[in-house]
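No value in this document is a laboratory result; all are computed from the given coordinates. Since we're looking at a predicted model, the values are computed, not measured. Positions of Cβ are generated from backbone atoms using ideal geometry, with glycine treated the same way; all protein chains shown enter the neighbour counts.
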Amino acid sequence: MSTKSLHPDFQLNGRSFSSKEELLNYVKNEATELLSFLSEWFDDSPYVIVKTSGSTGKPKKITIKKDQMINSAKATGSYFDLSGGTTALLCMPVKYIAGKMMLVRAMVLGWHLDVTAVSSNPLQNIDKTYDFSAMVPLQLYHSLDKISLIKKLIVGGGAVSEELIDKIQEIPTKIFAMYGMTETITHIAVKPLNTDQRSEFYQVLPEVKISTDKRGCLVINAPKVADNILITNDLVEITSENKFRWLGRYDYIINTGGIKILPEEIEKKITPLISSRFFISSLPDDKLGEKIILIVEGGQEQFPLKKVLSKYEMPKEVFFVKKFIETPTGKINRNKTKDTIGV
């Protein structure tokens with residue numbers, strides 16, 4: 001399979017195409033983002049330029065090899081058993097890697113792909129059943145009443161809250177959390193979130209090797225989709241050669257009075273107590289070095305945090321922010337949001 005050809009089973013919005021020229025001519029009238037990416041996909045360059053989301057740092061543009069995108073598409077198709085004729089829904093922005101890869105998977109594997117408007121509730125006007133789709137957690141949350149229209153769903157672009165995980169347990173859709181990043185061409189590991197397969201451990205895809213560095217952060221060797229070994233800032237617990245548990249971000253660790261605290265561990269404990277969006281962060285403190293703070297979106301409330309937190313984990317202050325600042329892909333931008341509290 002080359003980037004110059006289309007799988008004979010490929011369809012876009014119910015239409016088949018005999019050539020790339022026919023496909024490009026069709027998307028001219030459909031969406032600027034589709035035309036922009038497909039024109040780049042079919043040009044003579046071996047690379048695609050992709051924007052990172054900026055959730056853990058400044059957004060940047062990186063180049064990714066087209067043949068590695070094809071490898072990633074084939075790995076997804078093999079892992080989830082999604083061959084030619086698979087019906088799929090694209091409801092994510094094509095300017096980012098997750099949306100681009102839905103198109104690449106469809107063209108490489110021969111899927112019947114429908115494209116719907118990007119929104120927080122992508123299934124609102126959908127009545128058709130699909131074999132596969134990809135969403136961010138916010139889209140899943142707003143689609144719960146119709147998510148059974150999707151047989152298999154991958155969720156990426158941010159952590160799936162315990163509250164949302166609880167809500168999907170009785171849903172027949174097989175829902176998986178993804179671990180990955182733009183540099184690994186979306187996911188290199190998957191974690192079942194519901195049904196009797198639910199797990200707290202990610203399983204890596206075939207031909208991906210994992211280890212940790214001296215900080216305890218995940219190191220990824222995935223030669224099919226990345227030229228270089230990737231050293232992440234994600235603290236993990238590796239339980240076997242192909243399984244790991246994500247613990248939190250190394251760069252979010254709070255050292256308060258000499259005790260190292262992972263904000264994500266506190267967030268997991270207090271999620272049942274707070275209905276609004278929130279996150280744990282820190283501020284400089286003369287005595288402790290850093291003090292733990294809680295930042296909540298919305299109006300002021302009281303939370304019984306002492307029920308679930310130790311004295312070392314308790315936030316010293318709670319701040320309320322009218323509206324969180326988000327990245328272009330809808331993730332909470334923790335650093336910029338914290339800057340708004342005016343301390």
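Cα convex hull of the range 164-295: how many Å³ per residue?
141 Å³
Working from the alpha-carbon coordinates of the chain, get Rg over Rh, Rh being the Kirkwood radius.
That ratio equals 0.98.
Over the chain, what is the percentage of antiparallel beta bridges among all DSSP beta bridges, to the nearest 5?
65 percent
To two decimal places, what compactness ratio does the range 104-222 give when its Cα radius of gyration is scaled by 2.2 N^0.38 Å?
1.13
Mind scanning LYS74/LYS167; LYS191/LYS224; LYS66/LYS152; LYS291/LYS322; LYS100/LYS209; LYS152/LYS268 and naming the pairs with a C-alpha gap bigger than 29 Å?
LYS74/LYS167
Take the chain, connect every pair of alpha-carbon atoms lying under 10 Å apart with a spring to form a Gaussian network, then pick out the residue of LYS209, LYS66, LYS311 with the largest mean-square fluctuation.
LYS311
For the charge dipole of the chain, defined by +1 on Lys and Arg C-beta atoms and -1 on Asp and Glu C-beta atoms about the Cα centroid, which residue among ALA88, ILE295, ASN255 has the Cα displaced farthest towards the positive pole?
Going by the charge dipole, the pick is ASN255.
Could you derive backbone 3J(HN,Hα) for the range 308-319 from the dihedral phi with the Karplus parameters 6.51, -1.76 and 1.60 (θ = phi - 60°), listing whole Hz in sequence and x where the residue is Gly or Pro?
Going residue by residue, I get 10, 10, 7, 5, 6, 8, 5, x, 7, 9, 10, 10 Hz, with x marking Gly and Pro.
Percent relative contact order of the chain, based on C-alpha pairs within less than 8 angstrom and at least six residues apart?
Dividing the mean separation by the residue count of the chain yields 11 percent.
Using a cut-off of under 19 Å, list every residue of the range 153-178 whose amide N is near the label point 7 Å from the Cα of SER275 along the Cα-to-beta-carbon line.
Those under the cut-off are 161-168.
To the nearest Å, what is the center-to-center distance of the range 238-286 and the range 126-193, using C-alpha atoms only?
The distance from the Cα centre of the range 238-286 to that of the range 126-193 comes to 23 Å.
Report, largest value first, the span of the C-alpha coordinates of the range 253-339 along each principal axis, in whole Å.
Principal-axis extents of the range 253-339 (Cα, largest first): 35, 25, 20 Å.
Once every Cα of the range 11-209 carries one equal point scatterer and solvent is ignored, give the base-10 log of I(q)/I(0) from the Debye formula at q = 0.07, 0.08 Å⁻¹, two decimals.
Per q value, in the given order, log10 I(q)/I(0) is -0.19, -0.25.
Around GLY156, under 12 Å between beta carbons, what's the net of Lys plus Arg minus Asp minus Glu among the other residues?
Result for the local shell: +2.
Compute the relative contact order of the range 1-50 as a whole-number percentage, counting only Cα pairs closer than 8 Å that sit 6 or more residues apart in sequence.
It rounds to 28 percent for the range 1-50.
What's the extension gain from GLU22 to ASP81 if we count 0.36 nm per residue and subtract their Cα-Cα distance?
Full-extension gain reported as 18.4 nm.
Nearest 20 debye, what's the magnitude of the dipole of the range 11-209 about its Cα centre given +1 on Lys and Arg Cβ and -1 on Asp and Glu Cβ?
Here the size comes out at about 380 debye.
Mind checking which aspartates and glutamates have their Cα closer than 12 Å to the Cα of LYS95? Skip sequence neighbours fewer than 8 apart in that chain.
Counting by Cα, and skipping residues close in sequence, LYS95 has these aspartates and glutamates nearby: GLU33, GLU40.
Work through the residues other than SER72 whose Cβ is under 13 Å from its Cβ and net out their charges, Lys, Arg +1 and Asp, Glu -1.
With Lys, Arg at +1 and Asp, Glu at -1, the neighbours total +3.
In nm, to one decimal, how far is the modelled label at LYS323 from the one at ILE229, with both set 7 Å along Cα→Cβ?
Calculated label separation equals 4.5 nm.
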